[in-house]
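Undergrad: Here it is, the structure in full.
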Amino acid sequence: MNKWIGISLGTLLGVSHLGMIGMIANRPSKMPTLNLPVNDYTSYKARVSEDEYVIEYNANDPKTVQRIREVKKKAGFLGLGNNIESIVEEVPVDGSLRSQRDEMGGVAGDNQKKSVACTEAVGGGKQTGRIVGASIGGAVATTGIASIPFVGWVLAGAATMIGMDQGAEIGGQMVEDLNKNC
């Protein structure tokens, strides 16, 4: 008999707790819900009480961000070294990079044609420089390097390849410096 009394009281207590949880969950809230669009560039402050709520919302916060670009520039003897120059730009966060458009002059079609012309010119300069460098490297290789026993032919090939690479770099850099479109 005591067993049935315990089960009955436990069941009554469990059902009453479930009913109370259901009533609390379905009760309409006095507090308003905040459905603010939030992403990486938004911020808001909310002060909420039972009587009122105040929201300060910024859609683009921060308005601008700093973008750092690193540009390699040739330096040193025969342009063999590299200097890395950092360029700091302040660009708006609204999705369009206005500073790039302003740098390009605002007309993308003309600038794209200039970029293609520059790329073609630099490529031609590199190929011409590669041929000249190969001939100079080959001339250096045949004057004395090729006569070294056992490894002369390897060193001659290496000298020719180094001459080709250096000639390509120098030829491309010369065209880039002399061409007005670049």
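Values quoted throughout were computed directly from the atomic coordinates according to the rules given, and no laboratory measurement underlies them. Every value quoted in this text rests on a predicted model; they were computed, and no experiment measured them.
Undergrad: If amide H atoms are built 1.01 Å from N in the plane of the peptide, which residues on other chains or at least 5 residues away come under 5 Å of the amide H of Ser43?
TA: Asn58, Asp61
Undergrad: What does the extension gain come out to for Ile21 and Asn2, with contour length at 0.36 nm per residue minus their alpha carbon separation?
TA: Here the segment from Ile21 to Asn2 would lengthen by 4.0 nm.
Undergrad: What ³J(HN,Hα) values, in whole Hz, does the Karplus curve 6.51 cos²θ - 1.76 cosθ + 1.60 give for segment 163-170 when θ = phi - 60°, with x put for Gly and Pro?
TA: Rounded to whole hertz, the list is x, 5, 5, 5, x, 5, 5, 5.
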